1. Apply the Karplus parameterisation 6.51 cos²θ - 1.76 cosθ + 1.60, with θ equal to phi minus 60°, to every residue of segment 33-38 and state each ³J(HN,Hα) to the nearest whole Hz, in sequence, with x for glycine and proline.
2. Relative to the Cα centre, what is the charge dipole magnitude of the chain, using +1 at the beta carbon of each Lys and Arg, -1 at the beta carbon of each Asp and Glu, and rounding to the nearest 20 debye?
3. Beyond 19 Å, what share of the Cα-Cα pairs of the chain remains, rounded to the nearest whole percent?
4. Given the chain, what count of lysine pairs have C-alpha atoms under 18 Å apart, with each pair 8 or more places apart or on different chains?
5. Of Ile32, Trp10, Tyr47, which is farthest towards the positive pole of segment 3-57's charge dipole, taken about the Cα centre with +1 and -1 on the beta-carbons of Lys, Arg and Asp, Glu respectively?
6. Which value, in Å², gives the accessible area per residue of the chain when a 1.4 Å probe is used on the protein heavy atoms?
7. Using a probe of 1.4 angstrom, how much of the accessible area of the chain is carbon and sulfur, in percent?
Amino acid sequence: MNWDRVEGNWKQLKGKVKTQWGKLTDDHLDVIAGRRDQLAGKIQEVYGIEKDEAERQLSEWESRQKDS
C-alpha cells in the first residue's frame, strides 16, 4: 500500500480505519493524518498491545484494502 496515497485520501480511509479499530477517536485519526507509523503507534497505545501485534494487524488491514 502506498502511504503517500493514503495520506492524500485520509478523509476517505478514516472510516475504514475506524471500522477496524473502533477505539480510535476522530481526534486520534486527525493527528495520525494518514502516517503509518503514527497509526501503528496509536493502535499499540489504545489497545495495549505489543508493537509486533500492532504491525501485524496493520499489515493485514493493508492487504484487505488492496483487495477492495
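The values are calculated or read from the model by the stated rules, or taken from the named source; none is laboratory data. This is a predicted model, so every value here is computed, not measured. When we count neighbours, we look across all protein chains shown, and the Cβ atoms used for this are built from the backbone with ideal geometry, even at glycine. For the accessible areas, the whole protein counts, side chains as well, though only heavy atoms, and no ligand, DNA or RNA atoms are used. Shrake-Rupley method; radii C 1.70, N 1.55, O 1.52, S 1.80 Å.
1. For segment 33-38, the Karplus curve yields 6, x, 8, 4, 4, 5 Hz.
2. On the way: 13 positive and 14 negative charges, 58 e Å.
I would put it at about 280 debye.
3. On the way: 495 of 2278 pairs.
Percentage above 19 Å: 22.
4. 13
5. Toward the positive end, the furthest listed residue is Trp10.
6. Details: 4400 Å² over 68 residues.
Solvent-accessible surface per residue comes out at 65 Å².
7. Details: 1900 of 4400 Å².
On the chain, the fraction of accessible area on carbon and sulfur atoms equals 43 percent.
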